[in-house]
Every structure is written in structure tokens, then in C-alpha cells.
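The values are calculated or read from the model by the stated rules, or taken from the named source; none is laboratory data. Source: prediction; values computed, not measured. Virtual Cβ from ideal backbone geometry, glycine too; neighbours counted across all protein chains shown. Each accessible area value is taken on the protein alone, full model and side chains, heavy atoms only, with ligands, DNA and RNA left out. Shrake-Rupley method; radii C 1.70, N 1.55, O 1.52, S 1.80 Å.
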Amino acid sequence: MTKNRRALGAIATGVLAAGTLVSTPATASTTSPSAVCSMRLGSITPSGDHTQQTITATPSAGARQVGPKDLYPDGKAHLPTAVRTELVVPAGEERTGLAVVGVQLYGTSYITDGTGTAIVPGTLKQTLVGGGWDDLHKYVELSRSNAYSLINQFTDGLIARWTVTSSGWKYYTTFGGFKAVKTMTLIGQGSTYDTFLATTYGGALYTVKVPTGSGKPVVTKVRTSTWQSFETLIAEKCGNYGTLLLGIDKDTGSGYLYAVGHANGAATVIKGLGNVPTTFPATDSYFRYYTAGVNLTGA
């Protein structure tokens with residue numbers, strides 16, 4: 001994998017405004033979740049389409065909408081980042097995000113019409129970031145001026161971090177000791193750290209605070225077992241300091257919701273909200289849509 005990616009240019013600018021781990025998911029008491037908390041779940045299908053579906057804390061699921069269609073070649077696109085959205089006049093919204101196509105990372109940007117499932121002609125842009133994104137990469141995400149990836153190398157697991165600028169991805173840094181991590185999701189965007197919630201193959205749940213500048217990650221155990229079922233975690237802001245967490249079990253096509261209090265190690269309050277009444281296709285790659293300017297505050 002190359003240490004510096006080619007420039008993402010205007011798309012990246014638009015999208016962005018060392019610890020070592022020890023090897024049906026657990027629930028715990030918490031304050032009552034607000035029914036208004038929800039997430040706008042998206043996915044890339046094997047046909048290269050985007051989908052969208054509203055998941056609420058009750059739990060409930062809105063109708064799954066498919067579109068825009070044929071954004072990517074069939075069977076090639078995966079590892080999407082969260083997709084930034086911003087309303088445009090007279091209708092629709094601009095959406096920007098990243099996805100791996102084959103072994104190359106691309107920035108995707110388009111404007112939808114009033115239906116939300118079709119693209120305004122001439123607005124779709126696909127910008128190459130760089131190559132080397134092979135199957136060892138298990139996760140990728142953007143957070144303001146940084147990009148992150150979880151990389152399962154043969155002898156170790158790494159969290160990689162880049163600083164993203166309009167002239168390219170710079171200052172490539174890796175942190176070792178994360179081979180036990182199965183999946184992760186961004187839950188907090190602080191002034192000096194980005195914080196991820198990570199599960200291990202052994203079922204433990206941790207927070208991983210990665211510095212946005214110098215320093216090493218701070219790894220804190222949250223739960224010791226029963227979190228190994230999920231291949232994908234999606235987190236959305238809930239209230240001022242909480243998180244609505246969706247865990248997707250691709251073996252069963254099921255999704256489970258949790259209300260997670262502000263991250264505080266083993267004292268973190270977690271309440272299981274139940275099974276989401278919809279099916280999550282195992283062949284999809286999932287992400288969340290978020291509104292421009294809204295940061296995650298769960299840690």
C-alpha cells in the first residue's frame with residue numbers, strides 16, 4: 001500500500017469540513033432512549049447501487065429505497081465511508097463519500113433530484129484517490145481532516161491514519177496491535193482525538209481513541225464478551241453525548257440496535273433496543289448518510 005494517496009481534490013475538501021487488544025451481544029441498563037433518535041442507513045449493493053433506509057430507536061425501519069443506480073461496476077464496490085449530504089436548491093441534495101472499487105479508492109460526488117433516488121444529469125463525479133486497497137483493508141472512514149483504515153496484515157493488525165488535504169493524502173502513520181479487531185465504527189470527533197468503537201473476534205468491545213496529531217491510541221475495554229456476531233457497526237449521534245448503534249450480523253441478515261451512553265470504559269451505559277424489523281442483505285456494504293457540519297459526540 002502506498003504511503004501517500006493521490007489528491008482527492010474538491011471531493012475530499014467537501015467531505016471533510018498504540019494500543020494492543022486482548023482477545024446474541026450483551027445488553028445493560030441505560031436511560032430510556034428517545035424515539036426521535038434515528039439513523040439514515042445506506043449501502044452499496046452488488047449491482048453498484050446506493051440504497052437508503054431510516055432506522056429509528058423504537059426500533060423500526062422505513063422502506064428501503066434503491067437509487068441512484070449503477071454508480072459502480074457490478075460486484076466491484078465495497079468499503080464505503082459515511083456519505084456527507086447537503087441540501088441544494090431547488091430540490092434534492094449533494095452527496096459525497098469514498099468507496100473502494102476493485103483495489104482502487106475513489107471519491108464519489110453527485111446531486112440527486114427531488115426523488116432522492118436519481119442523479120441530476122452531469123453531476124456525477126468519480127475521482128481516483130489511489131490504489132493498493134486490497135482485501136487486507138477491512139474498514140475505511142473519514143473524519144474531518146483525517147482518513148483511517150483498519151488493515152489486517154499477516155502478522156499484525158494496523159490502524160492507518162492520513163491527513164487529507166486538497167493536494168493529497170499526507171503524513172501516513174500506522175499504529176500496531178489491532179489484529180484482534182473484527183470491525184469498528186467512528187463514534188466521537190473531538191478536538192484532539194477521533195474515537196472508534198471496536199469489536200474483537202473474541203467478542204470484546206473497546207473504544208480506541210486515535211490522536212488527530214502526535215501520540216498513540218488509547219484503548220479502553222467497554223465489555224468483555226458477546227459482541228463477536230457483528231460484521232458491521234454503524235453509529236449515529238443520539239442526543240448531546242450519546243450514540244445510536246446498529247450491529248449487523250451478515251450470517252443471519254439481522255440488525256440489532258443499542259442506545260450507548262457517552263463512552264466511559266466499563267462504566268459506559270448500553271441498552272439493547274432489540275432486533276430491527278427488516279432484513280440486511282449480506283452482500284451489501286453498509287454506511288450512514290450524515291448532514292454536513294454535524295459531528296459525532298459519543299466520546
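Things worth noting here:
- Leading residue by the ranking (nearest to Lys138 (Cα to Cα)) among those in the stretch 44-57 that are open to solvent by less than 40 Å² (accessible area, probe 1.4 Å) and outside any loop (DSSP other than H, G, I, E, B): Ile44
- Unique match (being modelled with pLDDT under 95 and over 23 Å from Leu41 (Cβ atoms)) among Gly202, Gly213: Gly213
- Considering the stretch 257-294, the residues that are open to solvent by 60 Å² or more (accessible area, probe 1.4 Å) and either among the hydrophobic types (A, V, I, L, M, F, W, C) or in a strand (DSSP E or B) (or both) include one that is nearest to Arg223 (Cα to Cα), namely Ala266.
- Some residue of the stretch 167-181 being part of a strand (DSSP E or B), under 24 Å from Thr51 (Cα atoms) and of a type in the set (A, V, I, L, M): no
- Residue count for the stretch 58-80 satisfying the condition of being assigned to a loop (DSSP other than H, G, I, E, B) and under 15 Å from the mean Cα position of the chain (by Cα): 2.
- Looking only at the stretch 81-103, residues that are hydrophobic (A, V, I, L, M, F, W, C) and not in a strand (DSSP E or B) come to 5 in all.
- Of the residues examined, Gly242 is one that is at pLDDT 95 or above and over 25 Å from His50 (Cα atoms).
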